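Trainee: Handing you a structure now.
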Amino acid sequence: MIERIPSTPPIINPIEKDYSRPLWSVVIPVYNCISYVESTLRSVLNQDLGIDKMEITVVDDCSTDGDVEELVNRIGKGRVTYFKQSVNVGQFRNFETCINISRGHYIHILHGDDEILNGFYIEIESLFDEFPDIGAAFSNFQYINSTGETIWSNKKLTENKGILQNWLVTIAENQRLQFCCNVVKRSTYEKLGSFYGLECVEDWLMWVRIAANFQVAYSPEILASYRVFDNNVTGVNLISGKFFRNSLLCIELFRDYLPIDVREKTIRTAYKNLAENYSRLSHRIYHELDNTKAAFKNSINCLKLKPNFITINFALLLLLKIIFNYKGLKKLTTLKNVNKN
């Protein structure tokens, strides 16, 4: 039986050199998110670069919440290919399938509940054109809720687009991007393999692996939307604490990819950032996900990991909110200026 969570990077097979290939592969992994798939597809189709230049494929991991194939055929009108797994294989193997069936030089894995904004593909392509040796390129992004409203925008990494300097240390210290905004060359996946290791943070580990082997380019334009809501994978794993636990384990795996002269300092900073970011997220769990117990437990875990001014301050503030049963207005308590990770 194949491991649902690979312990080593799954192999991505190269494409034969004489195979006619599009420049772009947009692959949309789907599992029980049918309410959002139409919006995701339309955000891509609105920027369709043409059948000769771009292939668009929905990869369904045996969804049970509706007829995904009918939706794809109705919205895509023959432009979008539908692929369904024979059995539910889990997100890691579904990502592996997404990459292996793709024939484009640039692979964009866009989850079935996320979206891109107008100009995404043109902007990212310009980065690959300007910097042909990079392994991946991404834009800035925003967080949206279940209804598509912007919750907050991710902080810019730089003011101008270009190759990111010291990116390996930067991404290892703090998760800075999401699938929706990132495009990876197929040749990069062929060299490094697919996603593996730990649930919830498999993308963070992948971005570190890429940064350890390739330069990465970036655009500060907000051109992608990452959706967060209480019953998606992000919300569930925040409440269960899996995000926090697996992030701790993931940081330890970074040791294999960091230069020895910056390794220990980077790891310490990563733990500090994790504690501070998640101490802020405790308030989001309390307000938006409406789970007092999970919020308090998360806050305590952050204090144990790194007891400093920020984690103590947010823990005390959360305790006061709990004592006085203060909920406030959800829109005002979203912590718009806080990075999710």
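Trainee: Considering only protein heavy atoms, with the full assembly of protein chains and a 1.4 angstrom probe, order Val26, Val87 by accessible area, largest first.
Mentor: Val87, Val26
Trainee: Relative to the first principal axis of the alpha-carbon coordinates of the chain, what is the inclination of helix 120-130, with its axis defined by its Cα atoms, in degrees from 0 to 90 and to the nearest 10?
Mentor: So the inclination is approximately 80 degrees.
Trainee: Under a cut-off of 17 Å between alpha-carbon atoms, report the lysines in cross-link reach of Lys242, not counting same-chain residues fewer than 8 places apart.
Mentor: Lys293, Lys297, Lys304, Lys340
Trainee: Turning to a different aspect of this structure: Any idea what angle helix 263-287 forms with the longest principal axis of the chain, computed on alpha-carbon atoms, 0 to 90 degrees, nearest 10?
Mentor: That works out to roughly 80 degrees.
Trainee: Compute the long axis of helix 202-213 from its Cα atoms, compare it with the longest principal axis of the Cα atoms of the chain, and write down the angle in degrees, 0 to 90, nearest 10.
Mentor: 70
Trainee: Let me ask something additional. Whenever you get a sec, line up Phe324, Phe243 from highest to lowest accessible area (probe 1.4 Å, protein heavy atoms).
Mentor: Result, largest first: Phe324, Phe243.
Trainee: So what is the calculated 222 nm ellipticity per residue for the chain, using -39500 (n - 2.57) for each DSSP H run with n of 4 or more, over all residues, to the nearest 500 deg cm²/dmol?
Mentor: When only DSSP H runs of four or more count, the value is -13000 deg cm²/dmol.
Trainee: Heavy atoms of the protein only, probe of 1.4 Å, neighbouring chains included. What is the accessible area of Asp203 in Å², nearest 10?
Mentor: Here the accessible area works out near 10 Å².
Trainee: May I pose another question? What is the P(r) of region 57-160, as percent of Cα-Cα pairs per 5 Å bin from 0?
Mentor: Here the calculated profile for region 57-160 is 2, 9, 16, 19, 20, 18, 11, 5, 1, 0.
Trainee: To check my understanding: the extent here is largest minus smallest coordinate of the Cα atoms along each principal axis. What are those three numbers for region 175-252, in Å, largest first?
Mentor: 36, 30, 17
Trainee: OK, next. Which percent of the accessible heavy-atom area of the chain goes to carbon and sulfur, probe 1.4 angstrom?
Mentor: The computed percentage sits at 52.
Trainee: Using the alpha-carbon centroid of each, what span in Å lies between region 107-122 and region 1-42?
Mentor: Distance between centres, Cα-based: 13 Å.
Trainee: Please state the equivalent ellipsoid semi-axes for the chain: what are the square roots of 5 times the Cα gyration tensor eigenvalues, largest first, in whole Å?
Mentor: Taking √(5λ) for each eigenvalue gives 32, 24, 19 Å, largest first.
Trainee: Counting other Cβ atoms within 10 Å, keep those with at most 16, restrict to DSSP loop, and tell me which GluC sites (Glu not before Pro) in region 1-95 are left.
Mentor: Here the GluC sites (Glu not before Pro) that fit, given the DSSP loop and packing criteria, are Glu3, Glu16.
Trainee: Considering Cα pairs under 8 angstrom that are at least six residues apart, work out the relative contact order of the chain and quote it in whole percent.
Mentor: Reported relative contact order: 19 percent.
Trainee: Same structure again: Using the structure shown, list the pairs from Lys265/Lys321; Lys53/Lys155; Lys17/Lys161; Lys161/Lys185 with a Cα-Cα distance above 28 Å, or answer none.
Mentor: Pairs exceeding the cut-off: Lys265/Lys321; Lys53/Lys155; Lys17/Lys161.
The values are calculated or read from the model by the stated rules, or taken from the named source; none is laboratory data. Please read all numbers here as calculations on a predicted model, not as lab measurements. Positions of Cβ are generated from backbone atoms using ideal geometry, with glycine treated the same way; all protein chains shown enter the neighbour counts. Surface areas here come from the heavy atoms of the whole protein model, side chains and all, with no ligands, DNA or RNA. Shrake-Rupley method; radii C 1.70, N 1.55, O 1.52, S 1.80 Å.
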